[in-house]
Amino acid sequence: MTAVEKIEEQLAGLRIAKRSVLSEEPAYLLDIEVSKPAQSESPRFVAVSCSNKSIRVYNRETLNFLREYSSRPGILNGVRFAHACDSLVFSACSDGTVKCWDIRLATQKAVQVFSGYPSNVFISFDINYSDLIICAGTEKVEKDTFLVFWDARGVTDCASATKEPLGVYSESHNDDITKICFHPIEPNLVVSGSTDGLVNVFDINKDNEDDALISTCNSDSSVSFIGWSGKNYKQVYCVTHDEGFCWWDIARLDTDEPITLLRVLDVRDAVCLEKDGLHYLVGGLYHEKVDKLFLIGGTSTGNVHLLGCGADGLSLVGTLCGGHSATVRSFCWSLRDESLWTGGEDAQLLLWKPGGVERCLAKKASMKIASSVQKRVRVHNSSLKSGKKPKSESGGLC
């Protein structure tokens, strides 16, 4: 058995180890982040971005609830922990700010606010590997969309201070910037995805936006997820809102080889699955130990499909059953202990581990969240190339 086959067998054998208790105010779980520990330690926290406009933080080992942060009436989008200090958690807000909270403090007040420009509505963000730079992406307002950058240093030294932007990129996208992802090991590289279909890679060490733009890849659809993959993370990939998948090798930019490794217009039609099929994609994870990219998708009844990616196409690795009862919205892969976190429209947070055993095996009943959630998780239908329903309508009672 090859190393890749062993990893695929391990992924297919993931089992539920822990399950969160439903809160008094159930909500879709839209993003998950596990804190980044010091080298010799284990992660202490897991944070979730919820459709009720809040961020919830849990103890990673016990899944006991610790903190909840909100910026009402603003909507919080995404969640990230600092790399060097696992008690600092960030989120972008529709009020034109990125906020940072300190879990150690018993207060709802942000310890740092990174303010944008008056018209900015932030719907995506990330913080780079060195914790020096934050970048946030905006919704399109009139004809403008922006990538806004801040200096993230000294967060804990300037309590409640507001930081102004270092600058913006304004020419590379012409619609909502849905995703931003810094390079895992090179802090100056960042990739952005948009409903305009473009996936742009930038080197922010350059003096201006034109020089910073390394590559522009076109997915021909609205981008819902982006990531880095390959040895030394020289590849980028994206998932689209109409369940497409594109994969490019940026290292080939200066060669005669084509940079497109794989393009699948609709993964639902490209992968043969028995029984309930594949209804949607959530995103991807790169397993650096075996240099293998996997996609995560699922069904409206809560099953999770793991797909292997290769130059010759996609293949089913395994299906995780018995966990969620509705559409899965978010996930976080932890390479340290080979575990997978998933969150869904059933308001559940699950931890899957190799050989995991759940104490209580009772599957939570499916539930339908109030329709007000749709505003929080809307998909830009005007940018979709097909007439298929967006994911936000596929959850609820099955």
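The values are calculated or read from the model by the stated rules, or taken from the named source; none is laboratory data. Only a predicted model underlies this, so the values are computations on that prediction, with no experimental measurement involved. All Cβ positions, even for glycine, are placed from backbone atoms using ideal geometry, and neighbour counts span all protein chains on display. All accessible areas refer to the heavy atoms of the entire protein, side chains included, with ligands and DNA or RNA removed. Shrake-Rupley method; radii C 1.70, N 1.55, O 1.52, S 1.80 Å.
Considering only the range 232-265, how many residues are of a type outside the set (K, R) and surrounded by fewer than 16 Cβ atoms within 10 Å (Cβ to Cβ)?
9
Does D291 meet the test of being open to solvent by 10 Å² or more (accessible area, probe 1.4 Å) and touching a helix residue (DSSP H, G or I) at 6+ places or on another chain (Cβ under 7 Å)?
The answer is yes for D291.
Kindly list, by first and then second residue, each pair from a residue in the range 254-278 that is in a loop (DSSP other than H, G, I, E, B) to a residue that is among the charged types (D, E, K, R), limited to pairs with Cβ atoms under 6 Å and residues at least 6 apart or on different chains.
Taking only residues 6 or more apart or on different chains, the pairs are I259/D249; I259/R252; D266/E243; L278/R268.
Could you pull out the residue among S224, S194 that is of a type in the set (S, T, Y), at negative phi and open to solvent by less than 10 Å² (accessible area, probe 1.4 Å)?
Residue meeting the stated conditions: S194.
Which condition does S119 not pass, out of (1) closer than 19 Å to S70 by Cα; (2) at pLDDT below 95, if it passes all the others?
With respect to (1) closer than 19 Å to S70 by Cα; (2) at pLDDT below 95, S119 is out only on (1).
Taking the criterion of being out of contact with any helix residue (DSSP H, G or I) (no Cβ under 6 Å at 6 or more places or on another chain), on the phi > 0 side of the Ramachandran plot, in contact (Cβ under 8 Å) with a residue 24 or more places away in the chain and small (G, A, S), would at least one residue in the range 95-106 satisfy it?
yes
Quick one: which of L29, L88 is within 30 Å of L306 (Cβ to Cβ) and aliphatic (A, V, I, L, M)?
Exactly one of L29, L88 is within 30 Å of L306 (Cβ to Cβ) and aliphatic (A, V, I, L, M), namely L29.
Between a first residue in the range 291-320 that is polar (S, T, N, Q) and a second residue that is assigned to a strand (DSSP E or B) and open to solvent by 10 Å² or more (accessible area, probe 1.4 Å), which pairs have beta carbons less than 6 Å apart while being 6 or more apart in sequence or on different chains?
N303/T319
Residue by residue, here is whether (1) assigned to a loop (DSSP other than H, G, I, E, B); (2) among the polar types (S, T, N, Q); (3) farther than 25 Å from F90 by Cα holds:
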position	(1), (2), (3)
K179	no, no, no
E186	yes, no, no
C217	no, no, yes
I226	no, no, no
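Just to be sure, is L278 closer than 22 Å to Q10 by Cβ, of a type in the set (A, V, I, L, M), out of contact with any Cys (no Cβ under 7 Å at 6 or more places or on another chain) and buried (at least 23 other Cβ atoms within 10 Å of the Cβ)?
So L278 fits the description; yes.
Does S170 fit the bill of being among the hydroxyl-bearing types (S, T, Y) and under 18 Å from A212 (Cα atoms)?
yes
Which residues, counting only those in the range 1-17, are under 27 Å from D346 (Cα atoms) and surrounded by fewer than 21 Cβ atoms within 10 Å (Cβ to Cβ)?
Q10, A12, G13, R15, A17
Taking the range 22-63 on its own, how many of its residues are open to solvent by 40 Å² or more (accessible area, probe 1.4 Å) and charged (D, E, K, R)?
7
Report yes if S130 is among the small types (G, A, S) and either surrounded by fewer than 17 Cβ atoms within 10 Å (Cβ to Cβ) or without any contact (Cβ under 8 Å) to a residue 24 or more places away in the chain (or both), otherwise no.
Taking the combined requirement at face value, the residue satisfies it.
Among the numbered criteria (1) without any contact (Cβ under 8 Å) to a residue 40 or more places away in the chain; (2) open to solvent by 10 Å² or more (accessible area, probe 1.4 Å); (3) under 23 Å from the mean Cα position of the chain (by Cα), which one does D211 miss?
(3)
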